[in-house]
Amino acid sequence: MDGDSYEAEIRNVTAARRPSAWVASGTVTAVANSTPPAPVEGLEVTGGAGGAPVVIEWATPNDPNHDSTRIYRATGAGAAFGSATLVASIFGPANLVQSIENSGLSPATYEYWATSANASGVESTLVGPEQITVT
């Protein structure tokens, strides 16, 4: 199954059909589709004034390999993606404008990023950051 991990062992069989001993080779993760989709387009972040929710909007790529969009957020102006956490995974068709609201945020500056992912979970290149200050 796609995304499942399997323990694997290997051995060699000679031309005379003599097998070697089994050797543990480690864990293998099955990935049905390793081709990433095109990235999302037009990532835009608005709102956040007076405690209003932050609205994140983007267009899914016109790519049949697109299955979902992943939205990430980090706290602090200029925050690196490495400190971001996944906020939402939104499933939907290709070539569509989508948006979500991110509410309940404390007053601060936030950075948002988005990726497109295929059905195997392989992500596109990162789009962003888009910065917004919640008051």
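Just so it is clear, none of the values below were taken in a lab; they were calculated from the coordinates. Bear in mind that the values here come from a model prediction, so they are computed numbers and not experimental data. FYI the Cβ positions are ideal-geometry reconstructions off the backbone, even for glycines, and counts take in every protein chain you see.
Send over the per residue convex hull volume for the stretch 41-134, Cα only, as a whole number of Å³. Don't skip to the end; give the middle numbers.
Details: hull volume 7.7 nm³, N = 94.
Normalising the Cα hull of the stretch 41-134 by residue number yields 82 Å³.
Size of the dipole of the stretch 41-134 about the Cα centre, Lys and Arg at +1 and Asp and Glu at -1 on the beta carbon, nothing else charged, in debye to 20? Intermediate results must be reported in sequence, preceding the final value.
Numbers: 2 positive and 9 negative charges, 48 e Å.
Computed charge dipole of the stretch 41-134: roughly 220 debye.
Relative protection proxy for 112-124, 76-88, from highest mean packing down: 112-124, 76-88 (other beta-carbon atoms within 10 angstrom). Of the peptides 53-63, 4-14, the order by per-residue mean of other Cβ atoms within 10 Å, starting with the highest, comes out as 53-63, 4-14. Each Cα pair under 8 Å and six or more residues apart adds its separation to the average, and for the chain the resulting relative contact order is 28 percent. Taking Lys and Arg as +1 and Asp and Glu as -1, the other residues whose beta-carbon sits under 14 Å from that of Val54 total -4. Spatial offset of the stretch 95-135 relative to the stretch 1-60 amounts to 20 Å, using the alpha carbon center of each.
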